[in-house]
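These notes are about the structure you will find just below.
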Amino acid sequence: MRAICHIGHHKTGTTSLQAFLAQNSHELLKAGTLYPWVENEGAANAVAKALRGRDDDDELSINIREAHNALAFRMLADTLPAWKVPGYHRMLPHSNQMMRAIELQIRELQPETTTLCSEVMSHFGKIAPDLITRLRTKALRSVSDISVWCTLRRPDEQLVSWHGQQLRFGQAPAPLSDPERGLKLDWLHVDYRGVIEPWAQLIPEAKLILRPYDEVKAEGGSIDDFFKHSKIKRPAKLQPAQHLNVGFQPAVIILLRKANKQLPKPVAAQLASHMTALTRGMELFGTSQVEFLGEASRKKLVEHFAPIHAWLSQVSGRKAFFADIDKMAQCNPRSEAEALQQFLDQLTPDRLQRLPSKELRDFLAQQHA
């Protein structure tokens, strides 16, 4: 038997992959791949699928849809006092019980492949490497062949994407163009060696599968890329994939940074939830066109990342892990101000009326001033 631990990274399509695997867990199991549940909701869902004899397109709860994120959060919270399980993952058992559930499913079902998928596990290497050993010796103790999979973005693109995610969460981070306060070089969105190397050291028998995000996109996205390079069987009858956790456009990122600083949290969150509808039909610059870092931050990032990239290239057996690594030193052509102005120029009165509150409409109207 073999196992694949897909540990992300964040913002590389892992959320969509998890949802797809969870939605199709019954057909996958029939084809030899176990995507294990970890708590009671997942167990009940698996039994219901077995009784029906099929998967369906019902919307899954987050404990089922992101089961292995729930496991990773629980493992971190059970180990580190500073970590708490997010409120949306409710009624989770202790992580030992969750890993025992995986171990028993492997024992009873004897799958060809067991797949775990969780970008939250990308935190283990940097802050709690003992959790890697716990996962291997408890949940996956009976598995002889193991692979650790990680998809990585070029770090300048990763930082911009995560900056947008922070704003989606209601945070107000300093701009990435501030090389002192906004550019964090020691965290997992830059220190890819710190993310991956502990897995290789603590599970020395594991095969590393490291995928550049540009190649994943060229394969059709995280789901198609996973099936192609994991060599697991792809059943014919599968529920369609959902495209989840889509990143914001640059103009939206810039606007939410202002909103999260100036507006009450509930109001700023309301704006974030309405931005997709508000911008529908607008022609807006993409992230590859707008510069968020600036020359000073890019210079600092390039120097810091050079030895990390050399290590990635060596362990992956590639001449250059990121084939376009030289582009990291180059600023994009459009400024943040231009991106925001492009949005404001298309913000007509009828679009403003789509917003549910006067406070939001007034906030956007003020941006024209």
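Things to note:
- Some residue of the stretch 51-68 being over 18 Å from the mean Cα position of the chain (by Cα) and either under 12 Å from Ser118 (Cα atoms) or in a helix (DSSP H, G or I) (or both): yes
- Residue in the stretch 221-231 that is of a type in the set (Phe, Trp, Tyr), crowded, with 17+ Cβ neighbours inside 10 Å and either closer than 15 Å to Leu364 by Cβ or in contact with a Phe, Trp or Tyr (Cβ under 9 Å, 6 or more places away or on another chain) (or both) present: yes
- From Glu66, Glu59, Glu103, residue being surrounded by fewer than 20 Cβ atoms within 10 Å (Cβ to Cβ) and touching a Ser or Thr at 6+ places or on another chain (Cβ under 8 Å): Glu103
- Residues in the stretch 320-333 that are surrounded by 14 or more Cβ atoms within 10 Å (Cβ to Cβ), over 16 Å from Leu176 (Cα atoms) and aliphatic (A, V, I, L, M): Ala320, Ile325.
- For Gly32, the requirement of being surrounded by 24 or more Cβ atoms within 10 Å (Cβ to Cβ), in contact with an Asp or Glu (Cβ under 9 Å, 6 or more places away or on another chain), small (Gly, Ala, Ser) and within 25 Å of Arg100 (Cβ to Cβ) is not met.
- Filtering Glu336, Glu295, Glu283, Glu303 for residues that are crowded, with 16+ Cβ neighbours inside 10 Å and of a type in the set (Asp, Glu) leaves a single hit, Glu336.
- Just one of (1) surrounded by fewer than 17 Cβ atoms within 10 Å (Cβ to Cβ); (2) aliphatic (A, V, I, L, M); (3) in contact (Cβ under 8 Å) with a residue 12 or more places away in the chain fails for Ala218. It is (3).
- Taken together, Gly247, Gly281 contain a single residue that is of a type in the set (Gly, Ala, Ser), over 30 Å from Ala31 (Cα atoms) and under 21 Å from the mean Cα position of the chain (by Cα), which is Gly247.
- In a residue-by-residue description of the stretch 297-304, the property of being modelled with pLDDT of 95 or more and either in contact with a Phe, Trp or Tyr (Cβ under 6 Å, 6 or more places away or on another chain) or in the same structural domain as Lys207 (by TED's automatic domain parsing) (or both) applies to no position.
- Among residues that are touching a residue at least 12 places away in the same chain (Cβ under 8 Å), farther than 19 Å from Leu185 by Cβ, touching a helix residue (DSSP H, G or I) at 6+ places or on another chain (Cβ under 9 Å) and hydrophobic (A, V, I, L, M, F, W, C), Leu293 is not included.
- Within the stretch 313-333, the residues that satisfy the criterion of being in contact (Cβ under 8 Å) with a residue 60 or more places away in the chain and within 28 Å of Glu291 (Cα to Cα) are Phe321, Phe322, Ala323, Asp324, Ile325, Lys327, Met328.
- Filter result for the condition that a residue is within 27 Å of Ser230 (Cβ to Cβ), free of Cβ contacts under 8 Å to residues at least 24 places away in the same chain, among the aliphatic types (A, V, I, L, M) and out of contact with any Gly (no Cβ under 7 Å at 6 or more places or on another chain), over Leu131, Leu116, Leu104: Leu104
- The condition (being closer than 28 Å to His189 by Cα, outside the structural domain of Ala172 (by TED's automatic domain parsing), touching a Lys or Arg at 6+ places or on another chain (Cβ under 9 Å) and modelled with pLDDT under 95) is satisfied by just one residue among Ala277, Ala272, Ala329: Ala272.
- Taking the listed residues Leu71, Leu116, Leu76, the one that is surrounded by fewer than 22 Cβ atoms within 10 Å (Cβ to Cβ), under 22 Å from the mean Cα position of the chain (by Cα) and not in a loop (DSSP other than H, G, I, E, B) is Leu76, with no other qualifying.
- Here Thr287, Thr276 are screened, and the one residue that is in contact with a Pro (Cβ under 6 Å, 6 or more places away or on another chain) and either part of a helix (DSSP H, G or I) or over 24 Å from Thr113 (Cβ atoms) (or both) is Thr287.
- The single condition among (1) in contact (Cβ under 8 Å) with a residue 12 or more places away in the chain; (2) part of a helix (DSSP H, G or I) that Arg354 does not satisfy is (2).
The values are calculated or read from the model by the stated rules, or taken from the named source; none is laboratory data. Model, not experiment: these values are computed from the prediction. Using ideal geometry, Cβ is built from the backbone for each residue, glycine included, and neighbour counts are taken over all protein chains shown.
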